[in-house]
Amino acid sequence: MRRLTRTVAAAALATALALVSACSGGDDSSEAKGGDGKALEKVTYLTSFGNFGRDSYAWVAKEKGFFKEAGFDVEIKPGQGTGSVIQTIVGGQADFGPIDLTGGLLQLGNGAAKDFVAVAAIQQRTMAAVVTVEGKNIATPKDLEGKKLADTPTSVVRLLFPTYARLAGVDASKVTFVNGEAQTLMGTLASGTVDGIGQFVVGQPTVEAVTRKKPVVLPYSDVMTDLYGNALITSSKLAKEKPEMVKRFTAALLKGLDYALTHPQEAADLLKKNVDATNTGAAAAELQLMAAYVRSSNSGTALGTLDKERVAKSIALLQGAGALKSAINPDQIIDFNLTPKA
C-alpha cells in the first residue's frame, strides 16, 4: 500500500511539474505574442500579382515587425491578379489582398464576384498598362491590332482591356490574348512568343532587366483618368464580424507601404530575403516609380484614403462604356467605415 501511495504521489508531482513547465514555456515565447502581450492572430495575405517590388511593402510590414506589433502572424503568398485574389479571399483561403479597384468594379457589376469589400487604397491612380518592348512596332494603342498579348486570365489589364480599347479607338476583336502566369509573363515577352503583356506601369524596370530591351508602355490612365489603382480587400464576412481587426491590419500594412516608399532599396533587400529570384535594383526602381501613384492631390498626405465621389465617377465611366451589366454604387464595394480618413 505504501509503495502504491508513493507511486501515485510521484505521478502527480510529475504531472504538476509538466503543467508548470508548459505554462512558463508559453509565457516565455516572444514569437507567439504581439505588442500588447496577446497571442498573435494568424492571417493569410495575398500579393496583387506575383512577388515584385511593387508588392514588397507587405514583406516590409512583416520583417520590420509592423504586423506583429498589431497582433498578427502573417503568411504572405503570391497573388495572380484581381479575379483570382477575390476568389481566394471570398473562398476563405486568404484573409486580405490587394486588387485593382476597377477590376473589382467590373467583377461585381458583371456578376463574376461578390461578398468582398475594399478597406483602403494602395494607389490613388490606376497603374494598369499594356507593356511591350522596342522592335515590336507598337507605339500607340491602335498598333495593338493584329498583335498577341499574354496575361493571367483574371488580371485587371485583361478584364479592363475591352473598355480601354473602346475609349482608345482600338478594335479589341483584332487583339489576341493568351494565358500566362504573373511571375513568368516578362520571360514570355523576352522569348518573343508574344508582342506584349498585361503589366503595371511600374513594372518597366523589371521588364527591362528581364528582356534587356527598352520597354514601351501604354498606360490605361491615358484614356481613363479617374480610376483608382490597387485597393486592399477582405471578405464582407470578416469586415462585418471583426471590423477592429481589419482596421489594425490595414494600419500595419499601410505602415509597411509608407516605409517601403521611403526606403526603396531596403524594401527590395527584404523582398530578396524572402523571394530569392528578386532583382533588387529593379524592385527598388519599381517602388520609386510607384510613389507618385500612392499619394495624390486628392488624398493629401494620408495613405489609403478612398473618395466616394471619385469611385462614383469610375462607375459612371464604366457604365458609359457599356462595361457593366448591372448598376452598382460605391457602398457595394467599399466599406467607408473602415477606410483611412484624409
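Side notes on the structure shown:
- Restricting attention to region 224-245, the residues that are assigned to a helix (DSSP H, G or I) and touching a residue at least 24 places away in the same chain (Cβ under 8 Å) total 6.
- Looking at Leu108, Leu101, just one residue is within 19 Å of Leu238 (Cβ to Cβ), over 13 Å from the mean Cα position of the chain (by Cα) and not small (Gly, Ala, Ser), and that residue is Leu108.
- Apart from one condition, Ser221 fits all of (1) of a type outside the set (Val, Ile, Thr); (2) in a helix (DSSP H, G or I); (3) within 30 Å of Phe72 (Cα to Cα); (4) open to solvent by less than 30 Å² (accessible area, probe 1.4 Å); the exception is (3).
- Tyr293, sole failed condition from (1) aromatic (Phe, Trp, Tyr); (2) in contact with a Lys or Arg (Cβ under 6 Å, 6 or more places away or on another chain); (3) in a loop (DSSP other than H, G, I, E, B): (3)
- Among the candidates Gly169, Gly203, Gly187, Gly198, residue that is closer than 28 Å to Ile122 by Cα, without any contact (Cβ under 8 Å) to a residue 40 or more places away in the chain and not assigned by the TED database to the domain that holds Leu317: Gly187
- Which listed residue, of Val210, Val178, Val216, is buried (at least 17 other Cβ atoms within 10 Å of the Cβ), in contact with a Ser or Thr (Cβ under 9 Å, 6 or more places away or on another chain), at pLDDT 95 or above and outside the structural domain of Phe49 (by the TED database): Val216
- For Thr184, the stated conditions do not hold, so it cannot be described as in a loop (DSSP other than H, G, I, E, B) and open to solvent by 60 Å² or more (accessible area, probe 1.4 Å).
- If you go through region 194-207 and keep only what is open to solvent by 10 Å² or more (accessible area, probe 1.4 Å), outside any helix (DSSP H, G or I) and not hydrophobic (A, V, I, L, M, F, W, C), you end up with just Asp195.
- Residues that are of a type in the set (A, V, I, L, M, F, W, C) and in a loop (DSSP other than H, G, I, E, B), drawn from region 123-146: Met127, Ile138, Ala139
The values are calculated or read from the model by the stated rules, or taken from the named source; none is laboratory data. This is a predicted model, so every value here is computed, not measured. So basically every Cβ, Gly included, is an ideal-geometry build from the backbone, and we count neighbours across all protein chains shown. Protein only, heavy atoms only, side chains kept; ligands, DNA and RNA dropped before computing areas. Shrake-Rupley method; radii C 1.70, N 1.55, O 1.52, S 1.80 Å.
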